[in-house]
Amino acid sequence: MVDFLIFIVFIIGVFFIGQHIQKKHCASLEIREQALLYMPTVVGRKVFEDSEVEKAWLVHGAVVVSGDYFKMVYAGLIKFFGGRIRAYESLLDRSRREALLRMKESAAADGAHMVVNVRFETAKIGSMVGNQQGTGMFEMLVYGTAIRMKSQ
Amino acid sequence: MIVTNIETVPGHTIVEHYGIVQGSTVRAKHVGVDCVAGCQNTFGGELKGYSQLLEESRSEAVSRMMQQAQQMGANAIVNVRFGTSSITQGASELLAYGTAVRVE
């Protein structure tokens, strides 16, 4: 009984800490996305004239994230009945945006005007240390070609 | 060395083609970082130790790919792709591959 109570308190604690981290991250994402809106980032590759290009180089951004313990338990419950697992959807969405932002930031730091041919990649890189049942860690990778135009 | 992930190098023309070059690396972080990541795993969020690890290893893979291209006499790599796979707990392989070419 006592064990069960401790577990419940632990889960609730993890839930609130996880929510807090998520809120903080979303707020910081929005500010940084606004700041980089001027830079076109496209999946297509022919959006410029070759003659206008001064330099092209490879840029990438990556982030490794894991879900919290509450999400894992919640997902386990949902999996029993099937359906959308919103807790993980928001986690993956947030980390992908973060990786994209990192790529744009590194491109902007070198004076790029746009990023073309952007590709997304997701890899599961293992689970919680010493625990195969863990929440799992994901790596989000975003890469593309940064383009700098000749100044007119 | 110019590296892009589109088929051409904008502003240059491809004059010679050398085939596929690749670079890869397998890396693991020491136990301390693993433990910290294990704790962070409880509360979720970014695992900075691992992010940094993969960032370093990816640069390493790209530079190995560039070395290989250089040995062939290429001066650019086009159509670069990345791949990641986990080998064991806390160790992962990063692969970068592309087409080595000479541009003018």
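Readers should treat all values here as calculations from the given coordinates under stated rules, not as data from a laboratory. Remember, it's a predicted structure, so these values are computed and weren't measured experimentally. Reconstructed Cβ throughout: ideal geometry from the backbone, glycine too, with neighbour counts over all protein chains shown.
Remarks
- Amide H contacts under 5 Å for residue A:54, placed H, 5+ residues apart: A:148, A:149, A:150
- Rough spin-label spacing in nm, given labels placed 7 Å along Cα→Cβ, for residue A:16 and residue A:149: 5.2
- Restricting region A:9-62 to chymotrypsin sites (Phe, Trp or Tyr not before Pro) that sit in a DSSP loop and have at most 11 other Cβ atoms within 10 Å of their own Cβ leaves A:38.
- Ascending count of other beta-carbon atoms within 10 Å, so fewest first, for B:17, A:60: B:17, A:60
- Three semi-axes describe the equivalent ellipsoid of region A:1-84; taken as square roots of 5 times the Cα gyration tensor eigenvalues and ordered largest first, they are 44, 16, 11 Å.
- With eigenvalues of the C-alpha gyration tensor scaled by 5 and rooted, chain B, Å: 35, 13, 9
- Relative pair counts by distance (%), Cα atoms of the protein assembly as shown, 10 Å bins: 7, 27, 30, 21, 11, 4, 1, 0
- Along region A:16-24 the Karplus relation, 6.51 cos²θ - 1.76 cosθ + 1.60 evaluated at θ = phi - 60°, assigns HN-Hα couplings of 5, 5, x, 4, 4, 4, 5, 4, 4 Hz to successive residues, with x for each Gly and Pro.
- Trypsin sites (Lys or Arg not before Pro) restricted to region A:7-111 and DSSP loop, no more than 10 other C-beta within 10 Å: A:84
- Take every pair of alpha-carbon atoms less than 8 Å apart whose residues are at least six positions apart; their mean separation over the length of chain A yields a relative contact order of 33 percent.
- Rounded FRET efficiency, nearest 0.05, which uses the C-beta distance separating residue B:52 from residue A:7 and R0 of 35 Å: 0.60
- Per-pair calculated FRET efficiency, R0 = 35 Å: residue B:63 and residue A:49 via Cβ, rounded to 0.05: 0.65
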